[in-house]
1. If I ask for residues that are part of a helix (DSSP H, G or I), in contact (Cβ under 8 Å) with a residue 24 or more places away in the chain and not hydrophobic (A, V, I, L, M, F, W, C), which ones from the stretch 31-70 would you list?
2. Does any residue of the stretch 131-139 turn out to be under 21 Å from Leu28 (Cβ atoms), modelled with pLDDT under 90 and out of contact with any helix residue (DSSP H, G or I) (no Cβ under 6 Å at 6 or more places or on another chain)?
3. Right, Glu25: charged (D, E, K, R), touching a Leu at 6+ places or on another chain (Cβ under 6 Å), surrounded by fewer than 20 Cβ atoms within 10 Å (Cβ to Cβ) and farther than 16 Å from Cys176 by Cα or not?
4. Which of (1) of a type in the set (A, V, I, L, M); (2) surrounded by 14 or more Cβ atoms within 10 Å (Cβ to Cβ); (3) under 23 Å from Leu210 (Cα atoms) is the odd one out, the single condition Val120 does not satisfy?
5. Name the residue, out of Leu121, Leu131, that is in contact with a Cys (Cβ under 9 Å, 6 or more places away or on another chain), in the same structural domain as Ala92 (by TED's automatic domain parsing) and under 30 Å from Leu52 (Cα atoms).
6. So, in the stretch 71-103, of the ones that are within 10 Å of the chain's Cα centre (by Cα), aliphatic (A, V, I, L, M) and in a loop (DSSP other than H, G, I, E, B), which residue ends up modelled with the highest pLDDT?
7. Looking only at the stretch 1-22, filter to residues that are in contact (Cβ under 8 Å) with a residue 24 or more places away in the chain, among the β-branched types (Val, Ile, Thr) and under 23 Å from Leu175 (Cα atoms); which one of those is surrounded by the fewest Cβ atoms within 10 Å (Cβ to Cβ)?
8. Taking the residues in the stretch 153-207 that are in contact (Cβ under 8 Å) with a residue 12 or more places away in the chain and not in a helix (DSSP H, G or I) as candidates, determine which candidate is surrounded by the most Cβ atoms within 10 Å (Cβ to Cβ).
Amino acid sequence: MNKCRCLIADDHPVVRRGVRELLEEEQLCSEVCEAKSGEEALDAVRRQPWDLMILDIALPDKHGLDVLKEAKLLQPRLPVLMLSLYPEKEFAMRAIKAGASGYLTKQSAPSELLAAVTRVLEGGRYITAILAEQMASALETGGTEVLHARLSDRELQVLRLLGQGKSVSVIAEELCLSVKTISTYRARILEKLSCKSTGELIRYAVEAKLID
């Protein structure tokens, strides 16, 4: 068995168990520990070194990309593989720029997760075909920045949810934040995207293909 110490940070017990069992069955890791929140994950990173971190983006207390950035400050050489419900087009480029070694969606086949873990443990990066297309497109356009690139990770998450037609109160409940906080994010998004209403934000999200 590979002498790999892996930390899985995800708020869904079923996901954590599934990933753990997969890694143990394939003997990719000798020790697998779990964290159900961003702070739990960071506490684990502060306490001891890890060979691999598998990190969800949608954690209940902190955005996964914020956890990624903090974890990389604590352990710069720590390989972090992002595993998310969000498709690559939304957060993958941001994750790679923030130091992630790879980005997979939770719809990926178990074989792809194993391939990604193996690649990352070997010191490489795991880039899916969709992410590769994004990177190539960015090069072709000379890195021309779209408006929503100005948004913070949390603002982009809120924009995506607004684009799905969800109300401020529903988003607040879903992200475990106050209605006032979500309203503040909405106001910032309106300003950064030069929009005047939620309707315009929804139209922008649709046209930018930020929603499924």
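The values are calculated or read from the model by the stated rules, or taken from the named source; none is laboratory data. A quick note: this is a predicted structure, and the numbers were derived from the prediction, not measured. Glycine also receives a Cβ, built like all others from the backbone with ideal geometry; neighbour counts cover every protein chain displayed.
1. Across the stretch 31-70, the qualifying residues are Gly38, Glu40, Arg46, Gly64, Asp66, Lys69, Glu70.
2. Of the stretch 131-139, the ones under 21 Å from Leu28 (Cβ atoms) are none.
Scanning the stretch 131-139, I find no residue that is under 21 Å from Leu28 (Cβ atoms), modelled with pLDDT under 90 and out of contact with any helix residue (DSSP H, G or I) (no Cβ under 6 Å at 6 or more places or on another chain), so the answer is no.
3. no
4. Failed condition: (3).
5. Going through Leu121, Leu131 in turn, the sole match is Leu121.
6. Ala100
7. Looking at the filtered set, the residue picked out is Val15.
8. Among those that are in contact (Cβ under 8 Å) with a residue 12 or more places away in the chain and not in a helix (DSSP H, G or I), it is Leu193.
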